[in-house]
Amino acid sequence: MSTGITFNQKRFQTKPPDKGSFPLDHDGECKLFMMKYMRCLRENEMQNSSCREQSKDYLQCRMDRNLMKKEDFSKLGFTPEEDLKKS
């Protein structure tokens, strides 16, 4: 019987994602927010720092519809200063 691993190969340990898994948006509940984010990325040469507002809106949609765990935005890399600039 063969294990598929030779003596020279390293075994890779898999680990779950840091934030856990989350369901896919099969019903397209947040598709509009995702499309706005993707359009922003295309218009800004894939520079996600230019699309933080759209990213935040998309994540908020996912949290509101229980497609991901509700999380404080500061834990997701957003700062309160960004909210002040927005208003």
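The values are calculated or read from the model by the stated rules, or taken from the named source; none is laboratory data. All values reported here derive from a predicted model rather than from experimental measurement. Glycine also receives a Cβ, built like all others from the backbone with ideal geometry; neighbour counts cover every protein chain displayed. Accessible surface areas use protein heavy atoms only, side chains included; no ligands, DNA or RNA. Shrake-Rupley method; radii C 1.70, N 1.55, O 1.52, S 1.80 Å.
Data table
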{"item": "Test result for Gln9, assigned to a loop (DSSP other than H, G, I, E, B), over 25 Å from Phe78 (Cα atoms), modelled with pLDDT of 75 or more and open to solvent by 80 Å² or more (accessible area, probe 1.4 Å)", "result": "no"}
{"item": "Residue in segment 45-61 that is surrounded by 11 or more Cβ atoms within 10 Å (Cβ to Cβ) and small (Gly, Ala, Ser) present", "result": "yes"}
